[in-house]
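The values are calculated or read from the model by the stated rules, or taken from the named source; none is laboratory data. From a predicted model like this one, the values you see are computed outputs, not experimental measurements. Cβ coordinates were reconstructed from backbone atoms using ideal geometry, including for glycine residues, and neighbour counts include every protein chain displayed. Ligands, DNA and RNA are stripped out before the accessible areas are found, and what is left, the full protein with its side chains, is counted by its heavy atoms. Shrake-Rupley method; radii C 1.70, N 1.55, O 1.52, S 1.80 Å.
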Amino acid sequence: MIRIVTRAHLAMLEQAIESAQARIKEVQGAADEAASCHTRSVQRLSTALATARAAANRHQADAETCREFLGLTKDQLAEAQATVAEQAEQIKTLQADLDAVSGTVVLLRFGRLDSVHPTDAAAQAHARSLGCPDSKWGPASSKPATEVPWRTAPLSNFVVPDGGGAG
């Protein structure tokens, strides 16, 4: 079968070829631009990943240093707490020994130091000489010392606040 192609038909085919070639160039340009954009994105992301990994490694090393320091600090704190507890017990023992040996007491009037005496009986006798009736003495009250007219306490328990006098 022979087909006769006219000039008009041939011109139309040539026009279609040129149009297709132009479209190919257009699509190829868009594909090249997309590939270039993708390549740049991959390079940026690779650089960011490498930077993030380096930072993570630095932070991990810092964290390990902090963990070691924290472990040492915890050990030192535990040692200090044990020492403080031990010293507090020694102080209590020494205070009890001092009270047992000396028997020295302080006479407090409304929580303020009135006088120091060798025994509880001597402190009560002094309070009576100042007008305290015998009926005011009894078991230790749970009231604050400032609300109790007369009270005795072991000398080792009497604490003078910082910056203040005892009288």
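Given a 1.4 angstrom probe, what's the average accessible area per residue across the chain, in square angstrom? All intermediate terms of the calculation are to be shown ahead of the outcome.
Details: 13170 Å² over 167 residues.
Solvent-accessible surface per residue comes out at 79 Å².
Centre-to-centre, using Cα atoms only, region 75-132 and region 38-67 are separated by 64 Å.
Local charge for Leu70 was computed over the other residues whose Cβ lies under 14 Å away, with Lys and Arg +1 and Asp and Glu -1, and equals -2. The equivalent ellipsoid of region 24-92 has semi-axes of 65, 8, 4 Å, largest first, where each one is the square root of 5 times an eigenvalue of the Cα gyration tensor. Charged side chains reduced to their Cβ positions (Lys and Arg at +1, Asp and Glu at -1) give the chain a dipole of some 840 debye around its Cα centre. Nearest 10 degrees is fine. How inclined is helix 7-102 to the longest principal axis of the chain, computing both from alpha carbons? Result, in degrees: 10.
Can you give me the % of accessible surface on region 18-76 that is carbon or sulfur? Probe 1.4 Å, all protein chains present, nothing else counted. It would help to have the intermediate numbers written out before the result.
Details: 3090 of 5090 Å².
Carbon with sulfur: 61 percent of the solvent-accessible area.
When the Cα atoms of region 1-153 are enclosed in a convex hull and the volume is divided per residue, what value in Å³ results?
Taking the convex hull of the Cα positions in region 1-153, it is 330 Å³ per residue.
Stretch Ile91-Ala22 to full length: gain in nm at 0.36 nm per residue minus the Cα-Cα span? Show your work: numbers first, answer last.
Details: separation 69, 0.36 × 69 = 24.84 nm, distance 9.99 nm.
Gain on stretching Ile91 to Ala22: 14.9 nm.
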